[in-house]
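Worksheet for the structure shown next.
The values are calculated or read from the model by the stated rules, or taken from the named source; none is laboratory data. Predicted model only: the values in this text are computed from it and were never measured. No Cβ is skipped: glycine too gets one built from the backbone with ideal geometry, and neighbour counts run over all protein chains shown.
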Amino acid sequence: MSQALQASEPVIAVTGLTKIYGQGEAQVTALDGVGLEIPRGQMMALMGPSGSGKSTLMQVLGLLDRPTSGTYRLNGQDLSRVSSRAMAELRGRRIAFVFQSIHLLPRLSALHNVELPMIYARMPSAERRQRALDALGRVGVGALAHRMPNQLSGGQAQRVAIARAVAPGPDLLLADEPTGALDRASGREVLGVFQTLNESMGLTIVMVTHDPLVGRHAERIIEMEDGHFIRDYAVADGERLFAHQEVSA
Amino acid sequence: MNAFAIALDSIWRHRLRSVLTALGVVIGVFAVVTLTSLGASVRSYVQGQFAHVGATIVTVSPANPGSGAKKHPRFAGAPGGAPSTLTVADAQAIAAAPHAHIQRVSAVADIPLTLGTTPGASSGVAVSGVQAPFFKIEQIPFLHGRFDGSGVVLGYGAAHTLFPGVANAMGRTVYVGTHSFTVVGLLKKGSGIAALQSNREVFLPIGTGLKLAGLSTVAEIVVQANSTQNVNAAATAVTQVMTARHPSKNFTVTKESQLLNTVTSTVSTITTFLAGLAAISLLVGGIGIMNIMLVTVTERFREIGIRKAMGARDGDILVQFVAESVLLALLGGAVGVGLSAIASSIVAHLAGFPGGLTVSAVVLALVFSILVGGVFGVLPAMRAARLMPVDALRTE
């Protein structure tokens, strides 16, 4: 697929996406036929109360789980019928994650944690080392490369996790409550890193949050309830927050 | 960070648990390697002994008429075996036969009388009646004196049992039943298993012994061929002479080499049997590994989830956990081999034969422990590999 074609294609296009948990009486419909397109380079927030289906949507978009029905195209490639091996090969490389609970492996240094997805991608060691160091530098924790996770603050650890997500050069970054476990200052730093990555590298970002203030750092917000989209709107220019200006202000 | 580095890290992190888990394999491998190595040592020791002493000996022993059973004298001669009809005259006939390959002949009789240093006393030492060539046939040299037909000859061990602390028992008196005999010969300490029995015996001229005991038959007749190559010819000649004298064929002729085969194959059978039993404990060790690996997988759902979210394929996770159980089993196996090296050298030292591990036993045990780790690691590893990442991450 050519670069030009890719540019015109949305990163993600889903239709009729449904996810049902359980069977019979205990059946729960977490996603009820949602459709969504995310253009390349967009920073989007997915908002809604607990149980609204936003995390489920995130997991399905991130290939961490399979939908019950619906179509899913990543860069125009239909993933509805793809094997679990092919799903694994897209995870961490084409689609990257940042989790609320950070999820660094405690026994590996920051650098090794960042290298992990590239190890599974069978990238040559010199290249992945270079990419890992670059990514750590870009999110401002280059000096902490050889620290173990328990020697990092929450904000530092989440930045290492972001470096881990972006180092392989993914098409899409999914962040599930990325500031949820952090204090306000660290949370703002993380949002600043997201905005920088989005602007400087054109990285497409979807973050799940229930915090309206966090949501206002995105350029588009989708609000969910009971497995449906109830609102989908662009954040007005005057409304949007920029983390770096908040810090300096 | 490859699968084995991850596995080592995980094993090291749970040191106590790893040690206890591997203990099953340690014990299993220890038992298998020790038993097979000791078995091999005994076998080669026995072979060495026979090559040294017994290779030219042919033995005639009683058998049930016409049975033709290939029983071996030292096993078949026990009470309950065929009643003996062999006599000293048979031995003389074999010795007199014009056959160049027969070098020496001696009848051997068990004399069922007590032996002691006072009349009627029993020291527990066995008495045998033999003829003069016996000592040359069995290759037991004299320390003092000789077997001259007048008195008794003491085996090295028997002399020390009867006369403890006496350096030279020549000329002393012993009593067989109530009859006194002068010690006219002392034997050197014979080496090897063939001499174990004669070390502990007292030897009497066979005629005297039979008369005292009121016997007319002997337990066996030992014949020495003049060379290893002629053992078969000598055995054939002995059979001819004996068949002429005992048409009912109530005897068997055995070459010591046959006995060697029997002994070595018996040792092999026992070794295999015991090693098989020991292998069961290896199996139990494997089940222990599987048990702990299942626990490990459950404990590490989060790690598995993170790895899968980072693009690990099912195969990557499978390899990681199988590597861990294989490594655990292999470490256990290595420790087991080390322990059995120590144990078998101690046992060999105490029993007085060359020790050491057999390479094949070590290789087999290590291969087997890798297999055990692999086989019993696959089920837990499959569990880990098949987790959906979202399910693995959900458990906190």
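Here are some notes:
- Lone qualifier among B:Val375, B:Val363, B:Val359 - being out of contact with any Ser or Thr (no Cβ under 6 Å at 6 or more places or on another chain), of a type in the set (Val, Ile, Thr) and in contact (Cβ under 8 Å) with a residue 60 or more places away in the chain: B:Val375
- Subset of the range B:290-325 [facing another protein chain (nearest Cβ under 8 Å), among the hydrophobic types (A, V, I, L, M, F, W, C) and free of Cβ contacts under 8 Å to residues at least 60 places away in the same chain]: B:Met310, B:Ala312
- The criterion of at least 3 residues that are of a type in the set (A, V, I, L, M, F, W, C) and farther than 23 Å from A:Leu203 by Cβ is met by the following strands (runs of 3 or more DSSP E) wholly inside the range A:7-73: A:28-38.
- The one condition in (1) in contact with a helix residue (DSSP H, G or I) (Cβ under 9 Å, 6 or more places away or on another chain); (2) free of Cβ contacts under 8 Å to residues at least 60 places away in the same chain; (3) more than 14 Å from chain A (Cβ to nearest Cβ) that B:Gly286 fails to fulfil: (2)
- Test: residue in the range B:106-125 that is acidic (Asp, Glu), out of contact with any Lys or Arg (no Cβ under 7 Å at 6 or more places or on another chain) and part of a strand (DSSP E or B): yes
- Any hit, the range A:126-143, residues being more than 14 Å from chain B (Cβ to nearest Cβ), touching a strand residue (DSSP E or B) at 6+ places or on another chain (Cβ under 7 Å), over 30 Å from A:Leu241 (Cα atoms) and acidic (Asp, Glu): no
- Annotation note: of A:Ala163, A:Ala181, the sole residue that is assigned to a helix (DSSP H, G or I), touching a residue at least 40 places away in the same chain (Cβ under 8 Å) and surrounded by 15 or more Cβ atoms within 10 Å (Cβ to Cβ) is A:Ala163.
- Residue selected from the range B:107-126 under the condition touching a helix residue (DSSP H, G or I) at 6+ places or on another chain (Cβ under 7 Å) and aliphatic (A, V, I, L, M), by the criterion nearest to B:Leu162 (Cα to Cα): B:Val125
- Residues in the range B:141-154 that are part of a loop (DSSP other than H, G, I, E, B) and closer than 19 Å to B:Val218 by Cβ: B:Phe147, B:Gly149.
- Residues (surrounded by 18 or more Cβ atoms within 10 Å (Cβ to Cβ) and either within 14 Å of chain B (Cβ to nearest Cβ) or of a type in the set (A, V, I, L, M) (or both)) located in the range A:146-157: A:Pro149, A:Leu152, A:Ala157
- For first residues located in the range B:141-155 and acidic (Asp, Glu), partners that are surrounded by fewer than 22 Cβ atoms within 10 Å (Cβ to Cβ) and lie 6+ apart or on another chain with Cβ distances below 7 Å form the pairs B:Asp148/B:Val184.
- Exactly one residue out of B:Thr296, B:Thr358 is polar (S, T, N, Q), within 48 Å of the chain's Cα centre (by Cα) and at pLDDT below 85: that is B:Thr358.
- Some residue of the range B:263-277 being away from chain A (no Cβ under 14 Å), under 30 Å from B:Thr87 (Cβ atoms), free of Cβ contacts under 8 Å to residues at least 60 places away in the same chain and not aromatic (Phe, Trp, Tyr): no
- Hey, A:Ser186 part of a loop (DSSP other than H, G, I, E, B) and of a type in the set (S, T, N, Q) or not: no
- Residue within the range B:354-361 that is crowded, with 24+ Cβ neighbours inside 10 Å and more than 14 Å from chain A (Cβ to nearest Cβ) present: yes
- Considering residues of the range A:64-103 that are within 14 Å of chain B (Cβ to nearest Cβ) and of a type in the set (Phe, Trp, Tyr) only, the residue surrounded by the fewest Cβ atoms within 10 Å (Cβ to Cβ): A:Phe99
- Any hit, the range A:55-78, residues being modelled with pLDDT of 90 or more, in contact with a His (Cβ under 8 Å, 6 or more places away or on another chain) and not hydroxyl-bearing (Ser, Thr, Tyr): no
- A single member of B:Val32, B:Val26, B:Val46, B:Val42 is at pLDDT 90 or above and either farther than 30 Å from B:Ser281 by Cα or surrounded by 18 or more Cβ atoms within 10 Å (Cβ to Cβ) (or both), and it is B:Val26.
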